[in-house]
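The values are calculated or read from the model by the stated rules, or taken from the named source; none is laboratory data. On a predicted model such as this, the values are computed, not experimentally measured, just so you know. Note: ideal-geometry Cβ built from the backbone for every residue, glycine included; neighbour counts use all protein chains shown. With ligands, DNA and RNA removed, areas are computed over all heavy atoms of the protein, side chains included. Shrake-Rupley method; radii C 1.70, N 1.55, O 1.52, S 1.80 Å.
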Amino acid sequence: SERFAQFKLVLLGESAVGKSSLVNRFAKDRFDEFRQSTIGAAFLTQSVRLEPDTVIKFEIWDTAGQERYKSLAPMYYRNANCAVVVFDLTSSTSLGRAKSWVKELQLQASDNIVIALAANKADLTSKRQVDREEAAEYAREAGLLYFETSAKTGESVKEMFKAIAERMPIE
Ligand code: GTP
Ligand code: MG
């Protein structure tokens, strides 16, 4: 027999860091070069299989990063079991914004929320502004999972969602 559990996941981060692109890669294995900025939030589901017999279904809220939607975020992270906080590794200001989302989650979201930090756009190596060591060290200190992802190539996208699934409480 198979074990099944579902969990609520929220994506947060500055506009244009690639939140919707990561979800699109994870849920549909697709990437669009020209993607519309999200309005409000988008909802998707996708499942991850954990060997030998467990299926974890994520109910995903892909929030809008534009400043005017900031006040809506608590509606989406309230009761979230897990969060992916995304920054663009070609933009140090986006890392600053990610850190403030992490702080807000650690103060306002569920005590046992699992948070992953995604350094996205890992394919843009020549434009990198954020040092891997620096970001990974911050993640370690803050108690976050850390992945360098590319929604464009798919690098580490499945791995990140699987690592989150493995940390969900299932009986
Ligand atoms: P908001 O909805 O405004 O909050 O933005 P978002 O974080 O959802 O960003 P979105 O996924 O819309 O991506 C913004 C732009 O970055 C798009 O043009 C994407 O094609 C591009 N992009 C996203 N991920 C990657 C990536 O891994 N590599 C590269 N090269 N471009 C990416
Ligand atoms: Mg979006």
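Excluding same-chain residues fewer than 8 positions from LYS28, which aspartates and glutamates have a Cα within less than 16 Å of its Cα?
Partners found: GLU59, ASP62, GLU155, GLU159.
Given a 10 angstrom Cα cut-off, can you work out which residue in GLU67, GLU33, GLU59 is the most mobile in a GNM of the chain?
Highest fluctuation among the options: GLU33.
Just need log10 I(q)/I(0) for the range 11-68 at q = 0.12, 0.20, 0.30, 0.31 Å⁻¹, Debye formula, equal scatterers on the alpha-carbon atoms, no solvent, rounded to two decimals.
-0.32, -0.75, -1.28, -1.33
Pick from PHE26, PHE34, PHE43: which residue has the top mean-square fluctuation in a GNM of the chain where Cα pairs under 10 Å get a spring?
Top of the fluctuation ranking is PHE34.
Assuming 0.36 nm per residue, please report the length gained on full extension of the stretch ARG132 to GLU59 beyond their Cα-Cα distance.
Roughly 23.3 nm would be gained on extension.
Can you give the charge dipole size of the range 6-74 about its Cα centre, rounded to the nearest 20 debye, using +1 on the beta carbon of Lys and Arg and -1 on the beta carbon of Asp and Glu?
So the magnitude is around 140 debye.
What nm distance separates the two modelled labels at LYS70 and SER47, each placed 7 Å from Cα along Cα→Cβ?
3.9 nm
Using only Cα atoms, find the angle between the long axis of helix 92-108 and the longest principal axis of the chain, and express it within 0 to 90 degrees, rounded to the nearest 10.
Rounded to the nearest ten degrees, it is 40.
Using a Förster distance of 25 Å, how high is the FRET efficiency between ARG3 and LYS158, based on the Cβ-Cβ distance and rounded to 0.05?
Calculated value: 0.80.
Which whole number of Å³ per residue matches the convex hull of the alpha-carbon atoms in the chain?
Looking at the chain, the number lands at 111 Å³ per residue.
Probe of 1.4 angstrom, ligands and nucleic acids ignored: what's the accessible area per residue over the range 1-106, in square angstrom?
49 Å²
Toward the positive end of the charge dipole of the chain, about the Cα centre and with charges on Cβ (Lys, Arg +1; Asp, Glu -1), which of LEU117, GLN36, GLN6 goes farthest?
Value computed over the given set: GLN36.
How many percent of the accessible area of the chain is carbon or sulfur, using a 1.4 Å probe?
47 percent
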